[in-house]
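Some notes on the structure that comes next.
The values are calculated or read from the model by the stated rules, or taken from the named source; none is laboratory data. Being a predicted model, the structure only gives us computed values, none of them experimental. Here the Cβ positions follow ideal geometry from the backbone for every residue, glycine too, while neighbour counts run over all protein chains shown.
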């Protein structure tokens with residue numbers, strides 16, 4: 001969780017350096033998150049509480065990431081609308097993730113791993129365009145796409161769209177995709193629930 005808070009802080013700076021350090025922090029969070037679960041499985045010390053705590057930390061750190069990105073947009077532009085967009089995006093992110101978790105619990109799909117179940121409720125099944133969009137705008141994509149866009153921005157100062165940098169525009173697009181993703185997920189969940 002430390003790396004998530006640290007990454008969110010750096011994202012909130014709204015600078016290329018902040019985006020780079022924030023992304024590195026979230027990559028470290030991902031490595032720590034993956035390795036602690038693997039270590040627990042290797043040592044046969046998994047528990048329901050550990051899974052619960054893991055999910056709770058995901059909700060917290062990913063929400064912090066959305067809010068940090070919104071604060072970064074505000075820092076860069078001084079436009080309060082980006083705070084609102086990030087708050088709405090944060091709520092939609094949590095709604096999306098919680099709906100998947102609750103569906104898995106209430107449908108009794110305990111025999112499926114979380115990864116297998118994610119495929120069941122995937123938004124991009126049978127749609128190459130949605131698959132590309134999900135990869136580009138998934139919460140974990142931010143940590144990988146944003147540093148690339150920062151480097152493009154640094155080495156190509158001519159790429160400027162109406163006074164906004166490429167990383168800035170990507171963060172806006174990412175935050176705006178969260179409500180769309182939540183609505184699409186609710187439709188998918190309702191179809192599965194109707195089965």
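Of the conditions (1) part of a loop (DSSP other than H, G, I, E, B); (2) under 26 Å from residue 17 (Cα atoms); (3) at pLDDT below 80, residue 79 fails just one. Which one is it? Status for residue 79: all satisfied but (3). Every test in (1) in a helix (DSSP H, G or I); (2) modelled with pLDDT of 85 or more; (3) in contact with a helix residue (DSSP H, G or I) (Cβ under 9 Å, 6 or more places away or on another chain) is passed by residue 56 save one, and that test is (3). Report yes if some residue within segment 28-43 is outside any helix (DSSP H, G or I), modelled with pLDDT of 80 or more and loosely packed, with under 15 Cβ neighbours inside 10 Å; otherwise report no. The answer is yes, given that some residue of segment 28-43 is outside any helix (DSSP H, G or I), modelled with pLDDT of 80 or more and loosely packed, with under 15 Cβ neighbours inside 10 Å.
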